[in-house]
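Take a look at the structure below.
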There are 2 protein chains.
Amino acid sequence: MHSFPTIEDIKHAAERIKPFVHRTPVFTSVSINRICDARVFFKAENLQKVGAFKARGATNAVFSIEKNNLKNSERSVNTVATHSSGNHAAALAYAACCCAMHAHVVMPENAPPVKKAAVAGYGAEITYCEPTQQAREDALASIIEQTGAVFIHPYNDHRVIAGQATAALELLEQVPELDTVLAPVGGGGLISGTALSVSALKPETEVFGAEPESADDAYRSLQAKKIIPVTNPQTIADGLRTSLGELTFPIIQKHVTAILTVSDTVIIEAMRLIWERMKLVVEPSAAVTLAVLLTKREQIKGSKIGLIVSGGNVDLENLPWLKQC
Amino acid sequence: MHSFPTIEDIKHAAERIKPFVHRTPVFTSVSINRICDARVFFKAENLQKVGAFKARGATNAVFSIEKNNLKNSERSVNTVATHSSGNHAAALAYAACCCAMHAHVVMPENAPPVKKAAVAGYGAEITYCEPTQQAREDALASIIEQTGAVFIHPYNDHRVIAGQATAALELLEQVPELDTVLAPVGGGGLISGTALSVSALKPETEVFGAEPESADDAYRSLQAKKIIPVTNPQTIADGLRTSLGELTFPIIQKHVTAILTVSDTVIIEAMRLIWERMKLVVEPSAAVTLAVLLTKREQIKGSKIGLIVSGGNVDLENLPWLKQC
């Protein structure tokens, strides 16, 4: 038996993080509706703090720690740490900044300068390491030993999952009647949180995960009924290269109808469509859900579909539809 | 004496166009506020129908015609026409489509395919011509003669100006206390409408126009106290290459504090900043106001500033900060 975050946990998370995150708008596009022959609602987490839904999970985790420790522990925890080259790094740095805690982030030396700058901009301390999983974990372990920092995992943490779940909670308030909700699948924090919110509040609404074909570990894991990790997947959707975690997998098994996969070519097409028609900057990972819709026009005809647009942190020098110089 | 559109005209326009245009959101960015050392409110008309504020003026003009003719004229007008290679073409096509009228648009043969597709997508009839002013006007005159179409000028029309004014009307409802409002200046429809709304509702709030240095006809016209047109100006801000009109100029003279000019280099910097920090796709013309702020940090320190973000129709193949292949 796994004990999942409950809808009460998620509602508490929503209250807890409210002062620190945006209630992001939901957008629609007549032309995209026409292309899909469906009504599509985009929950714009690219406009979230730090440019991604990750701000929700990180602030919920960090503010949960603080409370727990003030109440229950002798020692006050004032440092958090993680290893990440992506949006979770900036999100944790932001969350720590919001509650005057200290954040340590282990990043690979070859992380994009813009990501380094974002993390540093929120006042986090960055430790650079070789770009290998082992080097990251070693560097993190050493920081935790030295500082007593609490490790906040990017997705395999119930506080993080409950935080990510608040995006769908809001979406269901903003658009109560949806036939289907789709969210992208990386480590599974967003999709599992989404599935928990939707199954509790709208059990008749189906939840699907959207995944790049070339990083289809969630698809294969559901088939195999056990976690099958990916190793070094090649996909434009850089936020979705991670594998499911032990906490996110069982939630997905229970509450997600299916994982749908799509090629990078269609992901790029969908990303460009969102930029062009909706005037929103979204990252490739955030376009995977629309990409799935583009390949399922027959099946979705006439339905009302909510998409969690996960983030908008993209290298404006390297847009995937442009030929490189 | 010029009779300007009144605040009642503008409020009527807002009611008239309400079913056909978005009440666009207002966004803020902590990091842009920090860069400017001011509080900046972005009225996101890039998220407007047809991707630009032009939808407001065009729908107001088109729906005004229909009403007038039903009441006052023997002959029902069911065709409108314009010449434009830019956002007004799509806006007029959209407006005509909304009220089941027919639209003719004269476009230069060399207009970008994406603009041609947008106009055609709303069901307008396109007449291509040589890319000269004379060829455009000749083609338009011939269409008007053949079809009895009503010409809707892109800016030199009080119904259009009143429509564009509704963006600032909304902004003042959304953010009532602003020290300053800035809008870009091309033909002057948006800035004159903005100035009319602000001066009527918040006379203590100052209105400034923002213009590219290399298309500074409004700046020079205000200095000279007469319209000084630009000829073939070279600026990245393609929406601002037109010169002021006889109707927009006197409104600007009366209600705009000053026209502030800025270089293309800073316009590109500002455009990129909006994409990167706010995750909004905006066209170069829409970034001219923020560009002005970037050059006036001392003067604007601590103030509350509203910017009308005019549009988001940009060629995603040719971003100005990327070296061309």
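Each value in this text was obtained by applying a stated rule to the coordinates, not by laboratory testing. Given the structure is predicted, the values throughout are model-derived calculations rather than measurements. Positions of Cβ are backbone-derived with ideal geometry, glycine not excepted, and every protein chain shown enters the neighbour counts.
Give me the lysines in straight-line cross-link reach of residue A:115: C-alpha distance below 21 Å, same-chain residues under 8 apart excluded.
A:49, A:54, B:279
For residue A:295 paired with residue B:204, estimate the spin-label separation in nm (one decimal), with each label point 7 Å from Cα along the Cα-to-Cβ line.
Result: 5.9 nm between the two label points.
Could you tell me which residue out of B:192, B:150, B:181 lies farthest along the dipole of the range B:149-207 toward its positive end? Charges go on the beta carbon: Lys and Arg +1, Asp and Glu -1, centred on the Cα centre.
Toward the positive end, the furthest listed residue is B:150.
Given C-alpha coordinates of the protein assembly as shown, what is the ratio Rg to Rh with the Kirkwood estimate of Rh?
Result: Rg/Rh = 1.00.
Going by alpha carbons, how many degrees (0 to 90, nearest 10) lie between the helix axis of A:54-72 and the longest principal axis of chain A?
40
What is the order of A:83, A:153, A:158, fewest Cβ neighbours within 10 Å to most?
Fewest-to-most ranking of A:83, A:153, A:158: A:153, A:158, A:83.
What ³J(HN,Hα) values, in whole Hz, does the Karplus curve 6.51 cos²θ - 1.76 cosθ + 1.60 give for the range B:11-17 when θ = phi - 60°, with x put for Gly and Pro?
Calculated HN-Hα couplings, in order: 5, 4, 4, 4, 5, 5, 8 Hz.
Decide, for the range A:56-151, between rounded, prolate and oblate: order the square roots of the alpha carbon gyration tensor eigenvalues as a ≥ b ≥ c, take rounded if a/c falls under 1.5, and otherwise choose prolate if a/b is larger than b/c, else oblate.
Here the range A:56-151 falls in the oblate category.
Counting Lys and Arg as +1 and Asp and Glu as -1, each charge on the Cβ, what is the dipole of the range A:56-151 about the Cα centre in debye, to the nearest 20?
Its charge dipole is roughly 400 debye.
Within the range B:197-227, list the GluC sites (Glu not before Pro) lying in a DSSP loop whose Cβ has at most 13 other Cβ atoms in a 10 Å radius.
B:204
I need the inter-copy label distances for residue B:174: point set 7 Å along Cα to C-beta, values in nm with one decimal, smallest first.
1.4
Roughly how crowded by other chains is peptide B:283-291, in terms of the mean Cβ count from those chains within 10 Å of each of its Cβ atoms?
0
Taking the simple approach of a point 7 Å from Cα along Cα-to-Cβ for both residue B:223 and residue B:263, what is their distance in nm?
A separation of 1.8 nm, rounded to one decimal place.
Give the shape of the range B:96-168 as rounded, prolate or oblate, defined through the alpha-carbon gyration tensor: a ≥ b ≥ c are the square roots of its eigenvalues, a/c under 1.5 means rounded, and otherwise the shape is prolate if a/b is larger than b/c and oblate if not.
rounded
With N set to the residue count of the range A:227-325, report its C-alpha Rg divided by 2.2 N^0.38 Å to two decimal places.
1.17
Taking chain B as the reference, fit the longest principal axis to its C-alpha atoms, fit the long axis of helix B:158-174 to the helix C-alpha atoms, and give the angle between the two in degrees, 0 to 90, nearest 10.
40
So which GluC sites (Glu not before Pro) in the range B:122-178 pass both tests, a DSSP loop state and at most 11 other Cβ atoms within 10 Å of the Cβ?
Here the GluC sites (Glu not before Pro) that fit, given the DSSP loop and packing criteria, are B:177.
What does the copy distance list look like for residue A:117, label position 7 Å along Cα→Cβ, in nm and ordered from shortest?
3.2
Less than 16 Å apart at the alpha-carbon level, and either on another chain or at least 8 residues along: which lysines does that give for residue B:11?
Cα-Cα hits under 16 Å: B:202.
In peptide B:273-281, how many Cβ atoms from other protein chains are near each Cβ within 10 Å, on average?
Across B:273-281, the average partner-chain Cβ count within 10 Å equals 6.
Counting helices only, and only those DSSP H runs with n ≥ 4, report the 222 nm mean residue ellipticity of chain A as the sum of -39,500 (n - 2.57) divided by its residues, in deg cm²/dmol to the nearest 500.
Computed mean residue ellipticity for chain A: -13000 deg cm²/dmol.
Post the alpha-carbon centroid distance, the range B:103-181 to the range B:278-318, in whole angstrom.
First find each Cα centre; the distance between them is then 22 Å.
With only Lys, Arg, Asp and Glu charged, each at its Cβ (+1 for the first two, -1 for the last two), find how big the charge dipole of chain A is about the Cα centre; round to the nearest 20 debye.
680
Multiply the residue separation of residue B:316 and residue B:254 by 0.36 nm, subtract the distance between their alpha-carbon atoms, and state the gained length in nm to one decimal.
18.5 nm
Run the label-point distances for residue B:297 please: 7 Å along Cα to Cβ, every other copy, nanometres, shortest first.
Label-point separations across copies, in nm and ascending: 5.0.
Rounded, prolate or oblate for chain A? Axes are the square roots of the Cα gyration tensor eigenvalues, ordered a ≥ b ≥ c, and the cut-off for rounded is a/c under 1.5.
prolate
Residue farthest toward the positive end of the dipole of the range A:162-271, with Cβ of Lys/Arg at +1 and Asp/Glu at -1: which of A:268, A:250, A:215?
A:250
For chain B, take the longest principal axis of its alpha carbons; what is the angle in degrees between that and the long axis of helix B:189-201, to the nearest 10 within 0 to 90?
The angle comes out near 70 degrees.
Sort A:294, A:171, A:190 so that the residue with the fewest other Cβ atoms within 10 Å of its own Cβ comes first and the one with the most comes last.
A:294, A:171, A:190
Among A:150, A:114, A:292, whose mean-square fluctuation peaks in a Gaussian network model of chain A (Cα, cutoff 10 Å)?
Judging by the Gaussian network model, the answer is A:114.
Identify, among B:171, B:321, B:126, the residue whose Cα sits farthest towards the positive end of the charge dipole of chain B, taking +1 on the Cβ of Lys and Arg and -1 on the Cβ of Asp and Glu, with the dipole about the Cα centre.
The one lying farthest along the dipole's positive direction is B:171.
Straight-line reach only, C-alpha to C-alpha below 21 angstrom: list the lysines that residue A:296 could link to, leaving out same-chain residues fewer than 8 apart.
Reachable lysines: A:43, A:304.
Residue A:228's amide H: which non-local residues (gap 5+, or another chain) put their own amide H closer than 5 Å, with H modeled 1.01 Å from N in plane and none for Pro or chain starts?
A:221
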